[in-house]
Amino acid sequence: MQVELQTVGDVVRRVHFVILEIERGFGFEEVVAAIGSEGVVRVDPTIHEKQKTEQINVEDVAFLERICRNKQAGRQVFLLVGTEKMGEVAQNKFLKLLEEPAENVGFVFLTEDSGNLLETVKSRAQIFRVTRISDKESEELLSEVDAVKKRQIWFLAAGLPGEIKKLAEDGDYFDERKKLIDVAKVLINGSDYDKMKVIQTLKDDRERAVEVVELAIQIMKATTEKDGSVKKLGELNAAHEMLAGNIGVRLALVGCVGC
């Protein structure tokens, strides 16, 4: 199911357990703001003791369990932000909270990728995809930006409020995204030699490789189809799928050479 940003708060307050999935770049804080703060307990991924990366772990779920034991006068919503970073053990512990639902309590998972969530967790939730904001709303966020930069941001992030704001306000980030577009264009139209050079620079940086391939796909979709464009788009989509499946970056990208 899909839900618009402005109605997210209503959904959260009438559903016991909801998973809200957003596109990368939409912005967690945009959704958090739409939900509101009244009666909301927020949990974010953090670096816990003896861990090296940010996670939502069993300690966080135990924290929620302790709060749930206390009766609340009004409705309370437990908002877990970034649950793509929630481990399997923590998810299994969370299931016990759902099995013994407390009165006037709701749970929300906010994620950019629900692929890591256990089927036993997802089966107990109503899952909504938050839709992009309208062109009018995107335009309003760019009202203070000059015409040239506005066109560039529109191409990169139309409908993604978090990304629009970051591109408009952070000059260094905007310049970095423009550089990535140039790299993406090489994957589309560069010589095989230039493509191999790009692959060499990306082979040890999966996150950046994903961003480049996503931009290349976006560019291809935005242009009029010409000879070979369908094949190129297919190769880029295949590379994106392999990167998502943890295939080696070099192997995933090499299919773009010669297309």
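The values are calculated or read from the model by the stated rules, or taken from the named source; none is laboratory data. These figures come from a predicted structure and were not determined experimentally. With ideal geometry, Cβ positions are generated from the backbone for all residues, glycine too; neighbour counts draw on all protein chains shown. Areas reflect the complete protein model, heavy atoms only, side chains present, ligands, DNA and RNA absent. Shrake-Rupley method; radii C 1.70, N 1.55, O 1.52, S 1.80 Å.
Odds and ends about this structure:
- In the set R177, R151, R208, only one residue is over 24 Å from I22 (Cβ atoms) and of a type in the set (K, R); that residue is R151.
- Checking the stated criteria, T120 turns out to be loosely packed, with under 14 Cβ neighbours inside 10 Å and of a type outside the set (D, E).
- Looking only at region 171-213, and only at residues there that are of a type in the set (K, R) and farther than 15 Å from C256 by Cα, the one that is least open to solvent (accessible area, probe 1.4 Å): R177
- Taking region 142-152 as the range and being open to solvent by 50 Å² or more (accessible area, probe 1.4 Å) and touching a Lys or Arg at 6+ places or on another chain (Cβ under 8 Å) as the test, only Q152 passes.
- Positions within region 153-170 being surrounded by fewer than 16 Cβ atoms within 10 Å (Cβ to Cβ) and either in contact with a His (Cβ under 6 Å, 6 or more places away or on another chain) or within 29 Å of V249 (Cα to Cα) (or both), in sequence order: F155, D170
- The set of residues from region 54-78 being among the acidic types (D, E) and under 20 Å from V32 (Cα atoms) comprises E54, D60.
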